[in-house]
Amino acid sequence: MGVNTALPSAMWLPFAARVLRARSDRGLSRAELAKTVGVTDDKLREVESAHCRPARSLVERVDTALGTEHQLVDAWAITLQAEAFPNEFGDQRELGVHATHLWEHQPMALPVFLRTREYSRAVLRPRHPDLSPDMVEVMVEEEMAHRAEMTGPDGPVLRVVLNESALQRPQGGAAVLNAQRGFLSDLIEAGIVTMGVIPEQTPHHPGLGGAFRMMDFADRPSMVYAFAAEGGDLTAEAEQVGRCTMVRDAIENAAVELTPRSELLTARWPAG
């Protein structure tokens, strides 16, 4: 009888990273933790690299040993549920950090991981009129932390295609938009992201279906996240990923490449 060597889905990568981070925060070696919870070093390595779906009993022992107050068990349960019902996976940001390559199309606004602090605030305040300024600031800080992970040395290779209007809309006012344009120019110059833009005059726009993200992983199937007003849909189903790949290719064919010296980035609103 053959042995099933298929790896768990990419949704286990954030859980594995959480276990590794919790162990590192406690200053324990993998061998020390493995001995404490009664498994081999190799078994714990599989857990921390998302090469297995650990049993709840093991996660409970790790939770206790690391003093994480049931957080790892909760994360394990969420991941297990999400793998069975992907659309219920709420934190696509956390998943994106573990991708090797990430491609995103945004027709209305800049992706979270490319925003300046001021632009982030200008997007979040009108979107959440029910929240206090302090709560909005918490969300801004979360976006900045996510940006640091995504654009840092361990983040994925980033490719973004925008509608031209996303770079023309003065969200937050002239100073905010102009600073955001300059920030994007710096990111492109540094090789942190490549970007394309679909001109407003494009007669047959292929990306009117909305914003979506494609994520490739080193040893797991690719995944697609389709953004919605609240939450979104996540899938690794091959047929759906294939359809999104065709849309992505059509979007790329309609896009014009942005460089640090592109007028859309160097011009200053309202003149340009």
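The residues on offer are LEU20, LEU72, and the sole one that is touching a residue at least 12 places away in the same chain (Cβ under 8 Å), within 26 Å of the chain's Cα centre (by Cα), open to solvent by 60 Å² or more (accessible area, probe 1.4 Å) and not assigned by the TED database to the domain that holds ASP219 is LEU20. When you check LEU158 against the structure, is it under 13 Å from the mean Cα position of the chain (by Cα) and crowded, with 19+ Cβ neighbours inside 10 Å, yes or no? Yes; evaluated as a whole, the condition is true for this residue.
When each of ARG115, ARG125, ARG121 is tested for being touching a residue at least 24 places away in the same chain (Cβ under 8 Å), surrounded by fewer than 20 Cβ atoms within 10 Å (Cβ to Cβ) and touching a helix residue (DSSP H, G or I) at 6+ places or on another chain (Cβ under 9 Å), the lone residue that passes is ARG121. Remark: ARG127 matches the filter, which requires a residue to be assigned by the TED database to the domain that holds GLY191 and farther than 17 Å from GLY96 by Cβ. Listed by position, the strands (runs of 3 or more DSSP E) enclosed by the range 182-272 that each have at least 3 residues that are buried (at least 19 other Cβ atoms within 10 Å of the Cβ) are 193-198, 212-216, 223-227. Looking at the range 146-203 only, could you name the residues that are of a type in the set (Gly, Ala, Ser) and free of Cβ contacts under 8 Å to residues at least 40 places away in the same chain? Those that are of a type in the set (Gly, Ala, Ser) and free of Cβ contacts under 8 Å to residues at least 40 places away in the same chain: ALA148, GLY152, ALA190, GLY191. ARG56 satisfies every condition listed in (1) buried (at least 17 other Cβ atoms within 10 Å of the Cβ); (2) charged (D, E, K, R); (3) in contact (Cβ under 8 Å) with a residue 12 or more places away in the chain; (4) not assigned by the TED database to the domain that holds GLU230 except (1). The listed residues are ALA99, ALA82, and the only one of them that is within 26 Å of GLY196 (Cβ to Cβ) and of a type in the set (Gly, Ala, Ser) turns out to be ALA99. For ARG93, the stated conditions do not hold, so it cannot be described as open to solvent by 50 Å² or more (accessible area, probe 1.4 Å) and more than 17 Å from the chain's Cα centre (by Cα). Please verify whether VAL62 is more than 30 Å from MET214 (Cβ to Cβ), at pLDDT 95 or above and not in a loop (DSSP other than H, G, I, E, B), treating the condition exactly as stated. Taking the combined requirement at face value, the residue satisfies it.
The values are calculated or read from the model by the stated rules, or taken from the named source; none is laboratory data. Since the model is a prediction, treat every value here as computed from it, not as a measurement. Cβ coordinates were reconstructed from backbone atoms using ideal geometry, including for glycine residues, and neighbour counts include every protein chain displayed. These accessible areas exclude ligands, DNA and RNA; they are computed on the full protein's heavy atoms, side chains included. Shrake-Rupley method; radii C 1.70, N 1.55, O 1.52, S 1.80 Å.
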